[in-house]
Structures are given as structure tokens and as C-alpha cells.
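**Q** Submitted below is the structure of interest, expressed as C-alpha cells.
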Amino acid sequence: MLSNEVSEILNKQSGIEADASHAYLALAGWCEERNLPGIAEYFYAAAEDERAHFLEIIKYINKHQAPARVDGVKQPRATFTNLLEVFQYVWDLEHNNTLNINAVADVCLKNKDFATYKFMEAFVLEQQESETSVQELIHMIKTLGNDDKSLYYINKNFKKMVDKAAAGTEA
Ligand SMILES: [Fe+2]
């Protein structure tokens, strides 16, 4: 049985994961519209990851204190000037999610809910990896630039990255 405080913050976090999934879907659309299918694939995969987090938390709450609250999602942002702005938005998204995940872990510890804390551990570590990876991508975009020729190469790099990740999962 979860404490009210832990259950409340987990419910809130499940909504944040669902919002993130939708945010990434909107970014995939932005890229498709600009003929950047490799980057769109990266965002589709990110949307799947966030949806998996959403489901994982919902199932955890249902297992330990059903029913989980299933809130409506926020309308995601879909207007950006260029790819760098897109990835600066992704940074904000991921960094805010790190703060939210850390807040969940903090509430778990304050409530001496060590089992839920342990459940959140994978989320904490994944956020750290996400932040590093987004920083690297921002560095790549800043280095290569936002002109058409650069975007062509950046898109190719993303395609390679997504293919490699998919091959890794299948192996
Ligand atoms: Fe997530």
C-alpha cells in the first residue's frame, strides 16, 4: 500500500510522462513536415519510451494502490524556428523531467517507501543518460549549423543512431 503522498506524486509523474510522449510526437511531426525523417524516427522512438514510462508507473500504482488516475494530456508545443530551438526545448523537457523524477524519489525517501524508491531508481538513471545525450545532440547541431546542407547530414546521423539503437535492442 502506498502512502497518500507517494501515490499522489506518482500519479502526477505518470501524467508528466504522458505529456512528454505527446511532446515528442509533435516534434516528430515538425521533422516530417521539413523532410527530416531520420530525426522524426528519433522522436517517434522517444515518444514510445515516454509512453512505456507512463504505463510502467500506471501499472505500479494499480498493483499497489489501484486505481491510478489517468489524466488528460497537455497540448504539446509544435511551433519552432529551427532544429536548434527544437533541441533546446527537448533539453528543457528532459531537465524538468529530471527534477520531477528526483522529487518523486525524494518523497519516497521522506515516506520511508524504499520499495518505490527502488522502483524509481531506473527512472533516475535514465534521466541522467537522457540529459547527457541531449547535450551531445545540441553540441552537434551547434557545430554543424542549421542550414540545409547541415540538416541533411544531421538527419543522416540521426537515422544511423536510431538504426543502431534498434539493432542493439534486437540483439
Ligand atoms: Fe520518461
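**Q** For the chain, with equal point scatterers placed on the C-alpha atoms only and solvent neglected, what are the log10 I(q)/I(0) values from the Debye formula at q = 0.11, 0.18 1/Å, to two decimals?
**A** -0.50, -1.12
**Q** At 222 nm, what value in deg cm²/dmol follows for the chain if DSSP H runs of at least 4 each add -39500 (n - 2.57) and the sum is divided by all its residues, to the nearest 500?
**A** Roughly -29500 deg cm²/dmol at 222 nm, from the helical runs in the chain.
**Q** Ok, one more. Which number gives the lysine pairs in the chain that have C-alpha atoms under 22 Å apart and are eight or more places apart or on different chains?
**A** 19
**Q** Now for a different question. Using alpha-carbon pairs under 8 Å, 6+ residues apart, how would you state the relative contact order of the chain in percent?
**A** Once divided by the residue count of the chain, the mean separation gives 30 percent.
**Q** How many nm is it between the label spots at HIS139 and ALA165, if each spot is 7 Å from the Cα in line with the beta carbon?
**A** Spacing of the two 7 Å Cα→Cβ label points: 1.8 nm.
**Q** What ranking do PHE80, PHE114, PHE87, PHE43 get, fewest neighbouring Cβ atoms within 10 angstrom at the top? Numbers along the way, then the final one.
**A** Numbers: PHE80 16, PHE114 10, PHE87 21, PHE43 24.
Lowest to highest Cβ neighbour count: PHE114, PHE80, PHE87, PHE43.
**Q** Kindly express, to the nearest 10 degrees and within the range 0 to 90, the angle between helix 37-65's C-alpha long axis and the longest C-alpha principal axis of the chain.
**A** So the inclination is approximately 0 degrees.
**Q** Can I ask one more? For a Förster distance of 41 Å, can you work out the FRET efficiency between the beta-carbons of ASN82 and LEU109, rounded to the nearest 0.05?
**A** Calculated transfer efficiency: 0.50.
**Q** Using each residue's phi in the stretch 150-157, evaluate 6.51 cos²θ - 1.76 cosθ + 1.60 at θ = phi - 60° and report the 3J(HN,Hα) Karplus result to the nearest Hz, with x for Gly and Pro.
**A** Result, rounded to whole Hz: 5, 4, 4, 6, 4, 4, 4, 4.
Laboratory data are not the source of any read-out in this text; all were calculated from the coordinates shown. From a predicted model like this one, the values you see are computed outputs, not experimental measurements. We place every Cβ from the backbone using ideal geometry, glycine too, and count neighbours over all the protein chains shown.
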